[in-house]
Structure formats: C-alpha cells, structure tokens
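These notes concern the structure reproduced below.
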Amino acid sequence: MGSTVNSPLVQKSLEEINRRIGQACSRAGRNPADVTLVAVAKTFPAEAVAGVVDAGLLDVGENYVQELLGKRERLTGKAIRWHFIGHLQTNKVKYIVEWVHLIHAVDRKEVAHEIDRRAARAGRIIDLLVEVNTTGEQSKFGVAPETAIPFIRSLAEFRNIAVAGLMTIGPFLPDPEGSRPMFRRLRELREEAKQLGQPNASMRCLSMGMTGDFEVAIEEGATHIRIGTAIFGRRRKPD
C-alpha cells in the first residue's frame, strides 16, 4: 500500500476541495450540503484514512473487498460511512452486507439478487446504485445507457435493496469538459427512472465525478463525488 499521508496536508487538501465544491455549486445554483465527498482510499493505508476522518470527512470509498475489510478492522473506533465503489463479485457480497453504507456499482441482476438475499438475512434494506457505462468503453463496467431503465425495472421484485440512483465513470481526458455529455446523460437517465414510480427506486443519488472532473459533475447534478488523488496524492503502483 501507499505511504502514510501527512494530516496537515490532508486538511489543506480537503479545504481546497470543499472550496471548489462550493464554487461549482454556486455556478449551478446548488447547495454544497447536497454534495457528498467520498474519499477514495484505494492503495492507501488505514493511517491515511484515519487522517481524513480526523479532519472531518466521514465517507470513505474502497474498490476491493479484501482491502476494505482490512482497513475497517484497523479503524473500528472511527465513525466511518463505508462506500463500496468497485466492481462487486457475487461471492464477496456476504462480507460487507451487514454494515456497508452504499454500494456504488451494480450492473448485474445476479449481484443485486445476492445483495437482496443477504440483506434480508441481515434484516437490512441496502442502498445501491446502478452503474451506467456512459462512455461506451469496453474496459469499463456498467449497463449501456439504453438498457439502464429496463435494468432498473428488473430490480423491482427485490424487497431488501433500494435503488438509490445511478453511478458512472467519466472519460479520462485532459479537459474535464469532455465528461459533461456523459454526466448530463446520467442525469437525464435518473429523471427518466424517477418516472417509473418504482417503490424500491428513489433515484435520489448521482455518483459521478473524480479528481479530474468533479466540478463539471457537480454542475450536472452529482450528489456524490469520488475523490482520491486530490486528497491523498498520487497512488503508488502495488509492488
């Protein structure tokens, strides 16, 4: 994993990100309180997460179940809302179902069914987001935009999941404006999904925007932005 992150630098980074969130919200006529900043801690150690939490940020996202479990065990005394933001395998659902705050990236009915089954056993209703591949890149997970509404409709049978909204990953481009059409498409799909009136689909959330394009995402309606590099610094590739 990466090296320990300097807490004063993290505090300064968070202040700068929150300033930029505020500016983006001002441009869009939105309330900054309606945007949740999720610190993406992939490859960074538990100590780095502790520094972020101590600085006042409670939402932390992880991409891999094993890494999430290890950090959660190390940080049992911290009040953290854990987000699972990676590609979730069916056989890993059981490890997070009793306490995860939000699952960001469901794109297969088999996974939704397993979450529902395990959530029922745990006596919970679990919030999840449907991942949409808005860029059309083969390397990315997610349902195609044209199949998103039918997919959401197919989840209506489940009683222990709540389809809280949609998630996407924008294109990795030098100019963040390149992400705007994808984020706008996700917002339009969210509005379309709301019209379903599906009891288990509130569609209140849009998880989109990362370090390179989160301001554009906020302007297009993001409720959750997933920031790693701008908080922790650049990731070191695993040894």
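Of the residues making up segment 228-239, just one is in contact with a Leu (Cβ under 9 Å, 6 or more places away or on another chain) and buried (at least 21 other Cβ atoms within 10 Å of the Cβ), namely ILE231. The combined condition, being out of contact with any Asp or Glu (no Cβ under 7 Å at 6 or more places or on another chain), surrounded by 15 or more Cβ atoms within 10 Å (Cβ to Cβ) and assigned to a helix (DSSP H, G or I), is fulfilled by VAL10. Restricting attention to segment 125-140, the residues that are farther than 16 Å from LEU196 by Cβ and touching a Lys or Arg at 6+ places or on another chain (Cβ under 9 Å) add up to 5. Against the definition (crowded, with 24+ Cβ neighbours inside 10 Å and either of a type in the set (Lys, Arg) or in a strand (DSSP E or B) (or both)), how does ILE103 come out, yes or no? When the stated conditions are applied, ILE103 passes them. When the residues of segment 202-227 are filtered to those that are buried (at least 21 other Cβ atoms within 10 Å of the Cβ), touching a residue at least 40 places away in the same chain (Cβ under 8 Å) and of a type in the set (Gly, Ala, Ser), the one that is farthest from ALA148 (Cα to Cα) is ALA217.
Of the residues making up segment 52-69, none is touching a Phe, Trp or Tyr at 6+ places or on another chain (Cβ under 7 Å) and assigned to a loop (DSSP other than H, G, I, E, B).
Cβ-Cβ contacts under 8 Å between residues 6 or more apart (or on different chains), taken from a first residue in segment 140-154 that is under 11 Å from ASP107 (Cα atoms) to a second residue that is at pLDDT below 95 and surrounded by fewer than 16 Cβ atoms within 10 Å (Cβ to Cβ), are listed as ALA144/GLY136.
Restricting attention to segment 106-116 and to residues that are without any contact (Cβ under 8 Å) to a residue 24 or more places away in the chain and of a type outside the set (Val, Ile, Thr), the residue that is surrounded by the most Cβ atoms within 10 Å (Cβ to Cβ) turns out to be ARG108. Selection within segment 140-174: residues that are farther than 16 Å from SER207 by Cα and either under 14 Å from the mean Cα position of the chain (by Cα) or of a type in the set (D, E, K, R) (or both). The member of this set that is surrounded by the most Cβ atoms within 10 Å (Cβ to Cβ) is ARG153.
The number of residues in segment 198-213 being of a type in the set (A, V, I, L, M), part of a loop (DSSP other than H, G, I, E, B) and farther than 10 Å from ARG226 by Cα comes to 2.
Of the candidates GLU98, GLU67, GLU73, the single residue that is surrounded by fewer than 15 Cβ atoms within 10 Å (Cβ to Cβ), farther than 18 Å from ALA122 by Cα, modelled with pLDDT of 95 or more and not aliphatic (A, V, I, L, M) is GLU73. Please go through segment 91-130 and give me each residue that is over 18 Å from SER154 (Cα atoms) and among the acidic types (Asp, Glu), ordered by number. Residue satisfying the conditions is GLU98 alone. The residue pairs whose first member lies in segment 36-49 and is at pLDDT 95 or above, whose second member is crowded, with 24+ Cβ neighbours inside 10 Å and of a type in the set (Lys, Arg), and whose beta carbons are closer than 9 Å, counting only pairs six or more residues apart or on different chains, are LEU37/ARG226; VAL38/ARG226; ALA39/ARG226; VAL40/ARG226. Looking at the structure I just gave you, is SER26 at pLDDT below 95, of a type in the set (Ser, Thr, Tyr) and in a helix (DSSP H, G or I)? Taking the combined requirement at face value, the residue does not satisfy it.
Out of ALA39, ALA33, ALA28, ALA46, one residue alone is buried (at least 21 other Cβ atoms within 10 Å of the Cβ) and not β-branched (Val, Ile, Thr). It is ALA39. Put simply, of PHE183, PHE172, PHE151 the only residue that is assigned to a loop (DSSP other than H, G, I, E, B) and of a type in the set (Phe, Trp, Tyr) is PHE172.
The values are calculated or read from the model by the stated rules, or taken from the named source; none is laboratory data. Note that this is a predicted model, so its numbers are computed, not measured. Please note: Cβ atoms are built from the backbone with ideal geometry, for glycine as well, and neighbour counts cover all protein chains shown.
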